[in-house]
1. Arrange the residues C:Leu51, A:Leu138 by how much accessible surface each exposes, largest first, with a 1.4 angstrom probe.
2. How do C:Glu84, C:Glu176 rank by accessible surface area computed with a 1.4 Å probe, from largest to smallest?
3. Find, among the trypsin sites (Lys or Arg not before Pro) in region B:213-289, those assigned to loop by DSSP (not H, G, I, E, B) with at most 15 other beta-carbon atoms within 10 angstrom.
4. For region C:86-153, what is the accessible area per residue in Å² when the probe is 1.4 Å?
5. Take the protein assembly as shown, compute every pairwise Cα distance, and split them into 20 Å bins from 0; I just need the percent in each bin.
6. Give the calculated FRET efficiency between C:Ala14 and C:Val195 to the nearest 0.05, with a Förster radius of 35 Å applied to their Cβ-Cβ distance.
7. Can you list the lysines whose alpha carbon sits under 30 Å from that of B:Lys55, skipping same-chain ones fewer than 8 residues off?
8. Just tell me how shielded C:142-155 is by partners: mean number of partner chain Cβ atoms within 10 Å of each residue's Cβ, no decimals.
Amino acid sequence: MLALQLLVNGIVTGSALGVMAVSFALIYATTRVFHVAHAGVYTLGGYLAWTLVHRGVPDLPALVLAMAGCVVVGSLIQILLYGPLDRRGAAQLVVLIASLGALAVIQNLIAAVYSPDILEFPPNWAGHVFPLPGGLRLTGVQIATVVVDFIAFGLTLAFAHRTLLGKRIRAVASNPFLAEITRLEPRRVHVYVMAIASALVCLPGVLGPLDYGLQPYGGVTPLLTATIAMIAGGIGSLAGAFALAVAIVVLQNLALLVMPGEWSIGVTFAIFVVFMLLRPRGLFAGKA
Amino acid sequence: MSSRARSLLAALAVSAALGISAPRPARAADAAPITFGAILPLTGPGAVIGTEQMKGIQFALKQQNAKGGIDGHPIRVVFEDDQAKPDQAVLAFNKLVGLQHLPMIYTAYSGPSLAMAPLTARKHVLMLNAGAQSDKLAHASPYLFNTLPTTADEVGVMVKYLRAHGKSTSVVLYENDAAGIGGRDDFVREFKAAGGKILAQEPTQFGQTDYRPALLKLAAAKAQVLFVVTTAGQKSMADQLHQMNQTWLVAGTTFMEDPPTIADPNAKGIIHTQVVANASPELMAAFKKEMGAEMGFFSRQYYNATQIMFALTEHLLKEHKAITGENLRAAIFQIKTFHGLVPMTFTTNTAVVPVAINEMTGGSEKTIATGTAH
Amino acid sequence: MILELEAIAAGYGAKTVVSDLTFRVAAGEIVALLGHNGAGKTTTLKTAMGLITPRAGMVRLAGAPLTRAPVAERVARGLRLLPEGRGIFPDLTVAENIDVVAARLAGRGAMFAPADLYRLLPVLEERRGTRAGSMSGGQQQMLAFALAILGTPRCLLLDEPSIGLAPNLVERLFAEIRNVCRAHGVAAVLVEQNVAAAMALADRVVIMNGGRVVFDGTPQAARESNLWEHF
Ligand SMILES: Nc1ncnc2c1ncn2[C@@H]1O[C@H](COP(=O)(O)OP(=O)(O)O)[C@@H](O)[C@H]1O
Ligand SMILES: [Mg+2]
């Protein structure tokens, strides 16, 4: 019973981190930017939704509007920051530092506007408890999280493999040089990717805080796990990033059966190190 | 204050309110201002609380000075920002005491207060703490006075209540930092001393609000009580506790006094200790009008501490004694019981104050028991 | 003239790799661009393509000055580069490779639509669903060539297309190049290490050394002169 509930909770939280990992992986594979400011976009989505809900906007339109806000911010980061740096041929480290700067700006602005304290959504459907077979009990937001995030992951995969834009994005990721000389316009594709990934990350960015509350600096820890999942899952593999994120969180939860909670972050890194030793290119890396 | 002076002041207040300029009492204009200091976190992560504390002091000063100060002396407080950092606090202390020779300083956080404590003893400066609750503050310096009970005292009230209600087994969820570990240690010690048994403990990280794994593990121990010492993320915890459908009694500390949690239907049945510092609705309204903010817990605490400071000053002026740290300290034990927002008695450096046990009713909360800490 | 490079100087950073390079390609003409490793052949193609901005000189395409035009515009006007060793999207399937490029380059009335490519290069039809990066080197080069001619090419810049291919595959590939150029009047600049095969295919031979053109003439003249001293 305990193990089952821990497992299911792990899958729920893991699916949220999975979508974060997938969106991060999409950006990294395509633009080669280690977009840590993604954590800021994730956080911003939650605060935007919170603001709208407090202004009386119903939950679903609030989510959609928050996603639109994230799309704008993500695209602007690409257009005003990464794009110009790329054109000037900036080193990856320079771009990473710029991204860290953007993250700091977003987080501090949020903290200045909303206070650094934890903000809570008003009591709503999210906290409603649904008893399930096997003694499982899930809250409304947990069910929403696992359903929305798995669907988002499925749609992202379908988008990447079935649509022309998805293929074009994968082409840019696969060979940016060839993309340039076949008029795939990689720079424009980078903006599309940032827009799509920002909309995607807004889903866990809103659903997570419905469960856990909002914190200006709350995006960094999930992003850390998400990047580990991306690397261990094989850079460029969206399915790998998602699967590893779920696996890591499930293991973090189950590890509690045999060790104290302080060690759960340690479990994440242990998984990472083991993976890097056994499969340095990641679990699902192509056989290039 | 004599009743004649009182009615004169009332008349003044009315005329001031009507915009009539009346001649002030001659001695109010003549009397020199009396200045104290306050070292609070006004920037940085503690700024929200520090600002709330500052407003409590400022509001009390405005009220009192509008009434002509103390015995005609306007009262001033110089504010210094320590960002809740001990080293900054010591710098500020040296500035206020070394350069400006102020006899009394307000302080707030445990770290800065403990850093300044030895200096207060050396320089004979009275220090009033109305914000921090670390057990170490109780005996840190003969000059450091606390208007809040220590966590140990507050937890003691809860333990007494739990044992009186037949609870003999408990598990503990604590935040893995100074505040959480301190509270956990206090509870474990007091609960065991009262004959109870601790079955399990689990830590959480500050700001990490997914408590489910830890709570599930604690639930497996099947204790009668879950004692919680976390300083943030209470509403998420209430929701996650509700999800688990456990029969344990959830007990917490003052940190549970969090409006979103109280408003949450899922928080129904959670009990917690709460230092009593109630303000009348009129005072709350006046504060809001004057300061443009709600009179929160820390505003009330520092408003209350400022009433103590007024009483001490008035006492020394009446006795024609100099306003020094030594005399202020002696006056505390002479007056002994103060009547600010709550009755508060000093037999040691930490006040004996009423502590309530509140129960959340799923939307609001009610007091189900009251004890005194100490 | 379909492509003209006039007195080009180009390089990387402070380093000048190509200087005073003049080089013309007539419509439908196949030019073999030869020279030893590091002679500046790839740099020349990249400059023509707009991937490197020349320090001096002019680039014209079908008479229009394009020295500073973006890559996309040159591609739209029919200039195509088959880059050395990386002419495919390895993580996409063969069909996806073709679809994604066709969507950008092969509009209505294109000279080569996907269907034409599958007919021209049946091996691609067989491998439609295969991940491009997992195919053999020969198949990958066939795909790279297919991507280079998708749409309506006027001038192909082929940078060592036969590298790493078995001799029979080189023959097949060169046959396809000849076929496309001759049947459709497409010009090509063929950079090759395989000198004999390239000369057999070419109308004209240009030899570079140290970033300059040191020979420009017919294959016949090249064979008669002591060509090897230029290498
Ligand atoms: N990206 C680059 N940065 C700096 N130097 C380069 C770069 N690419 C090529 N070079 C140098 O330019 C010269 C010509 O290179 P390249 O045009 O590739 O020759 P080729 O294709 O004829 O072998 C060589 O000396 C090479 O080292
Ligand atoms: Mg080359």
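The values are calculated or read from the model by the stated rules, or taken from the named source; none is laboratory data. Computed from a predicted model, the values in this text were never measured in an experiment. Using ideal geometry, Cβ is built from the backbone for each residue, glycine included, and neighbour counts are taken over all protein chains shown. Heavy atoms of the whole protein, side chains included, go into the accessibility calculation; ligands, DNA and RNA do not. Shrake-Rupley method; radii C 1.70, N 1.55, O 1.52, S 1.80 Å.
1. On the way: C:Leu51 55, A:Leu138 15 Å².
Result, largest first: C:Leu51, A:Leu138.
2. Numbers: C:Glu84 75, C:Glu176 25 Å².
The ordering from most to least exposed comes out as C:Glu84, C:Glu176.
3. Listed in order of number, the matching sites are B:Lys222, B:Lys268.
4. Details: 2470 Å² over 68 residues.
I get 36 Å² per residue for this part.
5. 13, 32, 25, 17, 11, 2, 0
6. On the way: r = 32 Å, r/R0 = 0.92.
My answer for the efficiency is 0.60.
7. B:Lys67, B:Lys85, B:Lys95, B:Lys123, B:Lys136, B:Lys235, B:Lys288, B:Lys289, B:Lys318, B:Lys321, B:Lys336, B:Lys366
8. Averaged over the peptide's residues, the number is 1.
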